[in-house]
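Remarks on the structure that follows.
Where a number appears in this text, it was derived from the coordinates with a stated rule and is not lab data. On a predicted model such as this, the values are computed, not experimentally measured, just so you know. Cβ coordinates were reconstructed from backbone atoms using ideal geometry, including for glycine residues, and neighbour counts include every protein chain displayed.
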Amino acid sequence: MGKSSKDKRDKYYRKAKEEGWRARSAYKLLQLNEEFHFLEDFSRVVDLCAAPGSWSQVLSRQTQGRDRTIVSVDLQPMAPIPGVTTIQADITHPTTVDKILSEFGGHQADLVVSDGAPDVTGLHDLDEYVQAQLVFSALQLATAVLRTGGTFIAKIFRGRDIELMYAQLGRLFETVTCAKPRSSRGSSLEAFIVCQNYVPRAGWDPLELLKAKGSTQEYFEKLGLKEPLDSQLQAVEEVRVIAPFLACGDLSAYDSDATYVDTTEYSLDPVRSPVAPPYKTALDLKRQGVIRR
Amino acid sequence: MFSLHKIHGIAALGDQIALWGAKSVLFTTLEETENGDIRELSANDWVVSVGLKLGMAFIQTAHNEVIEFDLDAKRVNQVRKCSECSILYSGQLYTQSNLCAAGTVLGGVVVWDYNTEQVKYNFTDHEGSIFYVQFSPCGKFLASCSDDRSIIVWDLETGELIGRGWGHASRIWSLDFADNGLVISVSEDCTARLWQANVQKKSLETIQVVHGHQGRNIWCLSTTKFEGDTVLVTGGGDGRIKLQNISQPKHFQEWSITDIVGQPEKGEHLKDYKRLEDRIVLTTSAGKIYTHVDGAWSRLDHTILDEYSVVRLVGDRFVVAARDGRFVVVSDGIYQFKVELVGKLLEAFPVTMEDNKPCLLLQTENKTEPYRIVDLNGETLQTFAPIQNFMITSALYHRGMLFVGSRAGGVAVSKGNEWTTTRRIFQTQDTITCFVAISERVMISCRSGHYGLFSPDTQLTPFYTNKLQRGSVERIQIQDDGTVLFFGFKTDKFFIWNSTHDYEVASEVCGGAHRAWCAEVNRADESQFELYFTKAGKLSLISKPGNQHFKQSILRTGTHGREIRGLEFSLAHQGLLASASEDTCVNLALLDKNDFIETKLSLRHHVSGIQVLHWSLCGKYLLTGGGREELIWWRVDVHDKDVYAMEIARLPTVSKSPDLRIMDFDLVETSEGSWILATGYSDSTLRLWRFENGSFSLLVTKKYRECCILNVHLIDGYLLTSATDGHLVLWHCRDGNIGEPLLRHQIHQSGVRCSAVQLIDGMIHHYSGGDDNALVAVTVNAQHEVTEVFRHNDAHSSTISSMALTDGKLYTTGCDQKVRLWSLEGQLLQSLYTSVADTGTLALQNDKLVAGGMGLALFRVE
């Protein structure tokens, strides 16, 4: 979060800075918890695609004084958070699972969360596909670390193929709900899939499968969640299911689509400087006048 | 071609064509396509690229696998993979040497051999997702671009970086190699760039920037060779397909005063010049006239005029006018005439009188001296009383009337000898630069960038006015096909703007507006031009030979550059469709008999994204509203196949917040002929306005909780609203006042994205679609009691974003890209799929249903 006029535009943006959250998305997890109460009793949690770390902050603050282990994983470096172990690693890599499990002393996790999002291009079908792959990468890891009955929460884009994902998740979890916190703008496709009561696939050892290497695609094929490629490239039958929708957060909570009258006189410094974007060099060159339209 | 998916790529080898998009692929030939003989196949994963080789196809998937498919046996032979299996944003195959390039989401470019499954290179110089990779035609080089906004060209023989280029203001989406060794890129910044490698500096340098699309994003490109020239084809987010000849060599030339006159007198400098066909006529400050023919300058006439002599093109002749009333006429021969003037000549404007007679309108420094029109023999044909404090800057004689424009933005018309009162026709005091007669209208332009179409009479009734954001409009030129071109300046550049299709034809650095200049643009080919201008005392020429190969540079016109938010058919004109978009444009289009939606007019008065649009019931007026509290009232006319629109009024802004948006509004006409308008805002306020005699007056402001109002309906003396809090609220709304809420009833879990109402036997029927996937129908009776008629919690699998109610049927659409038809009892009658993403608006007229989002889709309904 930067020091910008967005303070005036979005109530949650300002509030996050006031309350010391690294990103406004902290409120999304808090509001999801108001309905699903997953923060009330857990011992071990994994936060995937965690940078800049606002969800880890929530996990840490909400469970202070309790005996719990929080492990955050991201490819990007992340500033330390008290009570959170951060691992800089690729979530699809088999060794990452080992690292997480060793942090848990060989025990399994109660909760796996992921707020990861791709670089959105504006080509909706591509963006939704890449987001879905990110969810499947997180799910792949979750299937290997989650205990029976555990919970998996991930950011999704509610686009045209979301029913396929609901159907696939429904084969690993007893309950699948599409939840939208009030702090997530109604005008955006963003929502969160809350999957409760993990039921591991009978007869499969996810850890063994992971070590066999190969893509996420192959992993879920072996798990029986995805159909393999047809030798004549015939389309395979795809099961579509609509997950029930649940709006999260009190109706009296701030509305992320509304314009609020600005009463703030000054802007606040960000809690953490934002992660440097890949196009930082391009911005610098533009500032120096090297790049001109 | 595909049942659900969009086409993301095309490859061709000989007759064989491969198309792919999402998980689908198909292999066909042009002949088969015409016979409708196509078969959609599935790669069971996102297809990044397809390569063809005799009888074989290689399908590269987003998991970096290559499926080897035998086109004759129609069987998969093998699936190849390498050690890198990160998700790909981009990829390409070079089948001649079995190479595969993979652009990963994590910044790596992996080049591997799909026969041996060995990784050849893993280039890691980029940061961020790799959006495109492209092999050179010879296979020796690879170009890549990423989220870091740079382009790199790699040497595939050595693995070295040959050059890296920076220059795009946003992300780069696609790349190609042109056969002349250039790399071409297209970007989110809506430009294409041509790059040349500088091997010493290991850089890529921009040699040309190409414009031609609207809004955001040029997504794709291709080049082709045509009679020795390279033609660039680009496709944009605006749906437009644009051609550009990028081989046109630009020609520069420069002449100093010595080059022109030989031995200049002390202090002698260039004054004015014009070009016609292959000849230039030029005056100097010494009062001498020169001409340039066949590459050589020569003194034209031994007459010495004065220091301020100007050159004008009158019909097919040059006329040099001096301040003392002497005129030199140059055509095949040369002659002089003199007009006896009281004051010194200020300006001479070419005008065409009846019988196409070329003449001049003269204004002198003497404020009481009449303006006069003289023919090219010096005979005065007509005089006009001078107008007080009016410095003429442009003139037109049309249908027996003289139209003049002034330096201070005033326009006057004379029929006979009487002037109409001078008035400003644009909201500016800037110079009126040009008048042009176009069929039944007069087009007028202004240095401020304003332009418009007016009735060709003393009333000058406006039909349409607009403002060019690009810069000033100095001259208007009508092409042979009716296309309107503007010539103007912006900072240090001269530009040619195609106003009919909204794109820049050319832009050349000349130093800015304050200088002598003249431009000749071919009326059959806008890209062929000569621009003359004075720079540092020299006469400079920039010329381009034109594209020569295609008449029209736009292959397909397209729609909006960003998401369409409002869409509605006029009730007055069959097939007249208005659309409003996040790109801030309001478009007016006509549906032709083949159901092709042809954009007739693009209005750019909004400065912020537009959220909503409605026609008045009479179909004469259009209202558009959106960001920054903007709401514009337009009058729309259709004459033959032409559409005109005029901004009539603008809603006053109330708040200081630049983020305040008008989310919805409703309009009713009163029995007294005035209008009542209700507006709903993103800060939870509701306002009621009266519109009368072209202006708005605020009647009442009401604040509803703290949320974002999404829907507003005026019906039967009530105001019905719904918002992001999921509630339906009914307000008394009579005598210009909004009462307290009569009821507040929750109908959705969260945002009510769309709603429709109708009154049946005194009962309000309300239909709504929400963020929560639900479609709900309720009735409100006279006692203000709500009864639920039906509720479908899973009416769509995502947000229901729009609905249209008509003739006892209800159409809905949502973010799941489905279009559904329901009976008013809640029965699902039909479900269709649209490839338009971010579907957010529906319009219906007779049997035609149009869905808008990222583009438009038209359905015929039964």
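At 222 nm, what helix-only mean residue ellipticity would chain B give, in deg cm²/dmol to the nearest 500, using -39500 (n - 2.57) for each DSSP H run of four or more?
Numbers: 2 runs with 10 residues, N = 862.
Calculated mean residue ellipticity at 222 nm is 0 deg cm²/dmol.
With unit charges on the beta carbons (Lys and Arg positive, Asp and Glu negative) and the dipole taken about the Cα centre of the protein assembly as shown, which residue among A:LEU268, B:SER695, A:ALA179 sits farthest to the positive side? The Cα lying farthest towards the positive end belongs to A:LEU268.
Packing, taken as the mean count of other beta carbons within 10 Å per residue, orders the peptides A:185-196, B:421-432 from highest to lowest as A:185-196, B:421-432. Each listed q (0.04, 0.08, 0.10 Å⁻¹) maps to a log10 I(q)/I(0) for the protein assembly as shown from the Debye sum over equal C-alpha point scatterers, namely -0.26, -0.99, -1.39. Seen from B:THR679, the other residues with C-beta closer than 12 Å to its C-beta sum to a net charge of -2, counting Lys and Arg as +1 and Asp and Glu as -1. Roughly how many Å is it from the Cα centre of the range B:5-70 to that of the range B:618-637, as a whole number? When both Cα centres are located, 46 Å separates them. Place a +1 charge on the Cβ of each Lys and Arg in the range B:558-650 and a -1 charge on the Cβ of each Asp and Glu, then give the dipole magnitude about the Cα centre in debye, rounded to the nearest 20. In debye, rounded to 20, the range B:558-650 gives about 160.
For B:VAL861, what charge total do you get from the other residues with a beta carbon under 15 Å from its beta carbon, if Lys and Arg give +1 and Asp and Glu give -1? Could the numbers behind the result be given before it?
Details: positive: B:LYS809, B:LYS818, B:ARG820, B:LYS848, B:ARG860; negative: B:ASP595, B:ASP807, B:ASP847, B:GLU862.
In short, +1.
Taking other Cβ atoms within 10 Å as a rough exposure proxy, B:ASP725, A:ASP90, B:ASP294 sort from fewest to most as B:ASP294, A:ASP90, B:ASP725.
To the nearest 20 Debye, how big is the dipole of the protein assembly as shown about its Cα centre, given +1 on the beta carbon of each Lys and Arg and -1 on that of each Asp and Glu?
Values: 118 positive and 142 negative charges, 555 e Å.
Dipole magnitude for the protein assembly as shown comes out near 2660 debye.
If the segment from B:GLU379 to B:ASP716 were pulled out straight at 0.36 nm per residue, it would be longer than the present Cα-Cα gap by 114.3 nm. For peptide B:748-758, the mean count of partner chain Cβ atoms within 10 Å of a residue's Cβ comes to 3.
When B:LEU232, B:LEU26 are ordered from fewest to most other Cβ atoms inside 10 Å of their Cβ, what list results?
Details: B:LEU232 24, B:LEU26 20.
Ranked by crowding around the Cβ, least crowded first: B:LEU26, B:LEU232.
Separation of the range B:787-827 and the range B:672-731, taken as the distance between their Cα centroids, equals 24 angstrom. Extending 7 Å from the Cα toward the beta-carbon at both B:THR670 and B:LYS641 defines two label points whose distance is 4.3 nm.
Nearest 0.05, what FRET efficiency do B:LEU13 and B:THR158 give at R0 = 41 Å with Cβ-Cβ as r?
Values: r = 28 Å, r/R0 = 0.69.
Computed FRET efficiency for B:LEU13 and B:THR158 comes out at 0.90.
When the Cα positions of B:ALA102, B:GLY139, B:SER150 are compared along the charge dipole of the range B:82-163, B:GLY139 comes out farthest toward the positive end, with charges on each C-beta of Lys, Arg, Asp and Glu.
State to the nearest 20 debye the size of the charge dipole of chain B about its Cα centre, where the only charges are +1 on K and R beta carbons and -1 on D and E beta carbons.
Working: 82 positive and 103 negative charges, 375 e Å.
Dipole magnitude for chain B comes out near 1800 debye.
Since only B:TRP166, B:ALA73, B:TRP46 are under comparison, the one whose Cα sits farthest along the positive direction of the charge dipole of the range B:9-244, derived from C-beta charges on Lys, Arg, Asp and Glu, is B:TRP166. Bridgeable lysines around A:LYS211 (alpha carbons under 16 Å apart, same-chain partners fewer than 8 residues away excluded): A:LYS99, A:LYS222. For the segment A:244-257, counting C-beta atoms of other chains within 10 Å of every residue's C-beta and taking the mean gives 5.
Could you tell me whether the range B:710-758 comes out rounded, prolate or oblate from its Cα gyration tensor? Rule is a ≥ b ≥ c as square roots of the eigenvalues, rounded for a/c under 1.5, then prolate if a/b exceeds b/c, otherwise oblate.
Working: a/c = 2.51, a/b = 1.74, b/c = 1.44.
Because a/c hits 1.5 or more and a/b exceeds b/c, the range B:710-758 counts as prolate.
At 0.36 nm per residue, minus the direct Cα-Cα distance, what do B:ILE207 and B:LEU698 gain on full extension? Give it in nm, one decimal, please.
Values: separation 491, 0.36 × 491 = 176.76 nm, distance 5.48 nm.
The span from B:ILE207 to B:LEU698 would gain 171.3 nm if fully extended.
Which of the pairs B:LYS266/B:LYS538; A:LYS213/B:LYS23; B:LYS6/B:LYS225; B:LYS242/B:LYS848; B:LYS242/B:LYS600 have their Cα atoms more than 20 Å apart in this structure? Working shown, then result.
Numbers: B:LYS266/B:LYS538 16 Å; A:LYS213/B:LYS23 23 Å; B:LYS6/B:LYS225 28 Å; B:LYS242/B:LYS848 29 Å; B:LYS242/B:LYS600 18 Å.
Going by Cα-Cα distance, A:LYS213/B:LYS23; B:LYS6/B:LYS225; B:LYS242/B:LYS848 fall outside the 20 Å limit.
Give, in nm to one decimal, the length gained when the segment between B:THR458 and B:ASP259 is fully stretched (0.36 nm per residue of separation minus the Cα-Cα distance). Don't skip to the answer; put the middle values down first.
Working: separation 199, 0.36 × 199 = 71.64 nm, distance 4.89 nm.
66.8 nm is the gain from fully extending B:THR458 to B:ASP259.
Of interest is the spacing of the C-alpha centroids, which for the range B:282-304 and the range A:75-119 amounts to 82 Å. The calculated FRET efficiency for B:THR420 paired with B:GLU825, based on their beta-carbon distance and R0 = 45 Å, is about 0.15.
Straight-line reach from B:LYS274: taking Cα to Cα under 15 Å and skipping same-chain neighbours fewer than 8 places apart, the aspartates and glutamates in range are B:ASP316, B:GLU520, B:GLU530. Panel order for B:MET401, B:MET763, by other beta carbons found within 10 Å of each beta carbon, from fewest to most: B:MET763, B:MET401. Under the simplified labelling scheme, the A:ASP269-A:ARG201 pair shows an inter-label distance of 5.0 nm, with each label point 7 Å from Cα along Cα→Cβ. With the simple spin-label model, which puts each label point 7 Å out from Cα in the Cβ direction, the B:LEU571 to B:ASP847 separation comes to 2.4 nm.
Ignore the peptide's own chain and count Cβ atoms of other chains within 10 Å of each Cβ in A:226-237; give me the average, rounded. Intermediate values should be presented prior to the final figure.
On the way: counts 2, 2, 2, 10, 5, 5, 7, 18, 5, 9, 3, 0.
Per-residue shielding by partner chains comes out at 6.
Highest mean first, the peptides B:90-97, A:155-162 sorted by other C-beta atoms within 10 Å per residue fall in the order A:155-162, B:90-97.
Past 19 Å, Cα to Cα: identify those pairs from B:LYS620/B:LYS641; B:LYS467/B:LYS535; A:LYS28/A:LYS226; B:LYS467/B:LYS551; A:LYS286/B:LYS535; A:LYS28/A:LYS180, in the order given.
Values: B:LYS620/B:LYS641 16 Å; B:LYS467/B:LYS535 29 Å; A:LYS28/A:LYS226 30 Å; B:LYS467/B:LYS551 27 Å; A:LYS286/B:LYS535 29 Å; A:LYS28/A:LYS180 8 Å.
Those over the limit are B:LYS467/B:LYS535; A:LYS28/A:LYS226; B:LYS467/B:LYS551; A:LYS286/B:LYS535.
Helix A:26-36 and the long axis of chain A differ in direction by around 50°, with both axes built from C-alpha atoms.
Around B:LEU93, what is the net charge, scoring Lys/Arg as +1 and Asp/Glu as -1 over all other residues with Cβ under 15 Å from its Cβ?
Values: positive: B:LYS53, B:ARG80, B:LYS81, B:LYS120; negative: B:GLU65, B:GLU68, B:ASP113, B:GLU117.
Summing Lys and Arg as +1 and Asp and Glu as -1 gives 0.
Going by average Cβ neighbours within 10 Å, how do the peptides B:570-583, B:637-650 rank, with the highest at the top? Can you show the working numbers first?
Values: B:570-583: 21.7, B:637-650: 15.9.
Top of the packing list down: B:570-583, B:637-650.
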